[in-house]
Amino acid sequence: MNERIQKRIDDMPESCRGIYQKAMKGKSKAAGVKAFCLECMGWNRAEVKRCDTVTCPLFPYRPFRSPENINGGAF
Ligand code: SF4
């Protein structure tokens, strides 16, 4: 494995490694979005759920949405 990718894996919480590795296999765009959002929010799932950056192009696709923040007030 590329050593930069391995370093990234080593530096993230164990709970996020599976989704990152799935994304890096290049076969799941959903895993790619999930891993990106997790990394964006410091690998904190609760923070992804609270994301209100409606200008982010990944906002409509972000994971862990709840019914009350499904649109985040964007539309
Ligand atoms: S949607 Fe939110 S959590 Fe996901 S990448 Fe954009 S700003 Fe980060």
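Order of Val48, Val54 from fewest to most other C-beta atoms within 10 Å?
Val54, Val48
Treating only the Cβ of Lys, Arg, Asp and Glu as charged (+1, +1, -1, -1), what charge dipole size does the stretch 3-65 show about its Cα centre? Round to the nearest 20 debye.
So the dipole magnitude of the stretch 3-65 works out to roughly 320 debye.
Can you compute 3J(HN,Hα) from phi for each residue in the stretch 15-20, using the Karplus curve 6.51 cos²θ - 1.76 cosθ + 1.60 with θ = phi - 60°, rounded to whole Hz and x for Gly and Pro?
Per-residue couplings from phi come out as 5, 9, 5, x, 5, 5 Hz.
For Arg17, Arg4, which order do you get if you count the other beta carbons within 10 Å of each Cβ and list the fewest first?
Arg4, Arg17
Simple spin-label model, 7 Å along Cα-to-Cβ: Met1 to Arg17 in nm?
Distance between label points: 0.7 nm.
Using the 10 angstrom Cβ neighbour count as an exposure proxy, how do Glu3, Glu47 rank, fewest first?
Ranked by crowding around the Cβ, least crowded first: Glu3, Glu47.
Number of Lys-Lys pairs in the chain under 17 Å by Cα, sequence gap 8 or more or different chains?
Qualifying lysine pairs in the chain: 5.
With 14 Å as the cut-off, how large is the P(r) tail for the chain, expressed as percent of Cα-Cα pairs?
Working: 1675 of 2775 pairs.
For the chain, the share of Cα pairs beyond 14 Å comes to 60 percent.
Want the number for Ile9 to Val54: 0.36 nm per residue separation, take away the alpha-carbon distance, what's left?
Taking 0.36 nm per residue and subtracting the Cα distance, the gain is 13.4 nm.
Computed from the coordinates by the stated procedures, all read-outs in this text should not be read as laboratory data. A quick note: this is a predicted structure, and the numbers were derived from the prediction, not measured. Glycine gets a Cβ as well: all are built from the backbone with ideal geometry, and neighbour counts include every protein chain shown.
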